[in-house]
Structures are given as structure tokens and as C-alpha cells.
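Before any comments, here is the structure.
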Amino acid sequence: MPGAVPHTSTSALTNVALPYALALANKGWEQALNDDQSLARGLNTHAGQVTYAPVAHAHGLGSAPSAPGLRRR
């Protein structure tokens, strides 16, 4: 419960999220996603299209392939 221990939960979230934020900032989104499968799996939209089929299905939309050049594993 983050509300019960706000300082601890904020520190934990920061420790987990910071490496991803730094990778995106230092490499750009395309290279960061190509280098890290977990980031690539988080890509849900690109260029106005839903790229992740489960998200598209949940909203009654069609899905497009991943961003050009992105290696999704």
C-alpha cells in the first residue's frame, strides 16, 4: 500500500524505473527498445496506431505491426 509507506514506495519505484528512463534518455526510444526486450514489450502505440494486439482488442481496434525496424521478441 503506497499510501501507508509513501517514502519507501517512492524509493522503490524510482529504483526500478530509473534504469529504463536513463536508457530512453541516453539511447533514444528506438535503440533503447531494440536493446531491451522488456521496454519493447511495453510499446503499445506508434505513429497513431495501436501496435500491441491485446490493447487493440480490448478497445475494439485493429492492430498495426510494431514500429519499423523494431525487433520485438
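How far is helix 6-27 tilted off the main Cα axis of the chain, in degrees rounded to 10, range 0 to 90?
40 degrees
Express the accessible area of the chain per residue in Å², computed with a 1.4 Å probe while the remaining protein chains stay in the model. Mind showing how you got there, number by number?
Details: 5210 Å² over 73 residues.
Each residue of the chain exposes 71 Å² on average to a 1.4 Å probe.
Taking only C-alpha pairs under 8 Å that are 6+ residues apart, what is the relative contact order of the chain in percent? List each step's numbers first, then the result.
Numbers: 57 pairs, mean separation 16.1, N = 73.
Worked out over the chain, it gives 22 percent.
Only one of the listed values, (i) 55; (ii) 62; (iii) 73, was derived from the coordinates as percent of Cα pairs over 15 Å apart; which label is it?
It is the one labelled (ii).
Before rounding to the nearest 500, sum -39500 (n - 2.57) across all DSSP H runs of length at least 4 in the chain and divide by the residue total; then give [θ] at 222 nm in deg cm²/dmol. Walk me through the numbers on the way to the answer.
Working: 4 runs with 40 residues, N = 73.
It lands at -16000 deg cm²/dmol.
Roughly how far apart, in whole Å, are the Cα centres of the stretch 32-53 and the stretch 14-31?
What the calculation gives is 14 Å, centre to centre.
Once the whole set of protein chains is in place, how much accessible area is left on LEU24, using a 1.4 Å probe, in Å² to the nearest 10?
70 Å²
The values are calculated or read from the model by the stated rules, or taken from the named source; none is laboratory data. Since the model is a prediction, treat every value here as computed from it, not as a measurement. The area values use the complete protein model at the heavy-atom level, side chains included, leaving out ligands, DNA and RNA. Shrake-Rupley method; radii C 1.70, N 1.55, O 1.52, S 1.80 Å.
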